[in-house]
1. Can you pull out every residue in segment 109-132 that is out of contact with any Gly (no Cβ under 9 Å at 6 or more places or on another chain), of a type in the set (A, V, I, L, M) and not in a helix (DSSP H, G or I)?
2. Residue check: is E59 touching a Phe, Trp or Tyr at 6+ places or on another chain (Cβ under 9 Å) and acidic (D, E)?
3. Please find, within segment 1-52, the residue that is nearest to I172 (Cα to Cα) out of those that are in a loop (DSSP other than H, G, I, E, B) and touching an Asp or Glu at 6+ places or on another chain (Cβ under 8 Å).
4. Of everything in segment 82-124, what is of a type in the set (F, W, Y) and within 16 Å of the chain's Cα centre (by Cα)? Give them in sequence order.
5. Would you check if V100 is closer than 24 Å to H214 by Cα and either assigned to a helix (DSSP H, G or I) or in contact with a Ser or Thr (Cβ under 9 Å, 6 or more places away or on another chain) (or both)?
6. Let me confirm something: among I163, I172, I189, which residue is more than 19 Å from I50 (Cα to Cα), in contact with a strand residue (DSSP E or B) (Cβ under 9 Å, 6 or more places away or on another chain) and in a loop (DSSP other than H, G, I, E, B)?
7. Looking at the structure I just gave you, is T124 out of contact with any helix residue (DSSP H, G or I) (no Cβ under 8 Å at 6 or more places or on another chain), buried (at least 18 other Cβ atoms within 10 Å of the Cβ) and polar (S, T, N, Q)?
8. Somewhere in segment 173-194, is a residue buried (at least 17 other Cβ atoms within 10 Å of the Cβ) and among the basic types (K, R)?
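Please treat every number below as a calculation from the coordinates, not as lab data. Note that the structure is a prediction, hence the values are computed from the model and not measured. So basically every Cβ, Gly included, is an ideal-geometry build from the backbone, and we count neighbours across all protein chains shown.
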Amino acid sequence: MISQPLIKAVLFDLDGTLIDSAPDLHVAANKLLKEENLHTISLEQIISMIGDGVPKIVERAFAATGYIMNEGELGGFVKRYLAFYEPHAANLTFPFPGGVECLKRLRLKGYELAICTNKPFNATQRILSGLGLTGLFSAVIGGDTLPGIKKPDPHHLLAALEIMKISPKNAIMIGDHANDVKAGRAAGIPVIICRFGYTNGPAENLEGDLVIDHFDELPDAFFRLSYVY
């Protein structure tokens, strides 16, 4: 049997993977839309907009109302959105079932953990702090941590590994979005998809290496991937 690299680091997406953050993102979007005298959008609509960072959420929210944004407007709308969102980013946001227990088990087993999210860094830190998770992660890379770099750019993941001094061959990515798969592929890191996340369509369509329905399945997923990579 060919010896396989040992997994030393687990990289997690945040929204739709570790946490159900859509309700707070939804509240902030509708506050902004109301200020512009536009109709509000549903929670299901906001879920479909998550994954590419806050500017895309704002752009898509306005587009969903039929609003045609003028050139140069987006930056101001994003600032106002963040003013609504960041102070309340953890109000209605909760970990998915089994997520916290999974993180704690992984740490006890000696894995290094990192967050790789397109969410702004300040909002990410506020959520991690509010949920009591800050001390579990060795690296946190937000959507604005590296100038101009977000997933699916593999450097988003590689930056976290560089902080932890761990090779991509010893890492694994857990996410729920096409950006997670694309970033993982480009970085040479296997990707596990969470079916319970914000996937647009069947999770299998994202073509990750494995799909899980609950965090309790991770130990078996790691075992199975050890025969793939």
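1. Listed by number, the residues that qualify are L113, A114, L131.
2. Values: touching a Phe, Trp or Tyr at 6+ places or on another chain (Cβ under 9 Å): yes; acidic (D, E): yes.
Answer is yes for this residue.
3. Going through segment 1-52, the residues in a loop (DSSP other than H, G, I, E, B) turn out to be 1-8, 13-14, 16-18, 21, 36-42, 50-52.
Checking the rest, the ones that are also touching an Asp or Glu at 6+ places or on another chain (Cβ under 8 Å) come to 8, 13, 16-17, 21, 50-51.
On the way: K8: 8, D13: 11, G16: 17, T17: 14, S21: 23, I50: 22, G51: 19 Å.
Only one residue tops the list, namely K8.
4. Passing the criteria: F94, F96, F121.
5. Criteria met by V100.
6. Of the residues listed, the single one that is more than 19 Å from I50 (Cα to Cα), in contact with a strand residue (DSSP E or B) (Cβ under 9 Å, 6 or more places away or on another chain) and in a loop (DSSP other than H, G, I, E, B) is I189.
7. Against the criterion (out of contact with any helix residue (DSSP H, G or I) (no Cβ under 8 Å at 6 or more places or on another chain), buried (at least 18 other Cβ atoms within 10 Å of the Cβ) and polar (S, T, N, Q)), T124 qualifies.
8. yes
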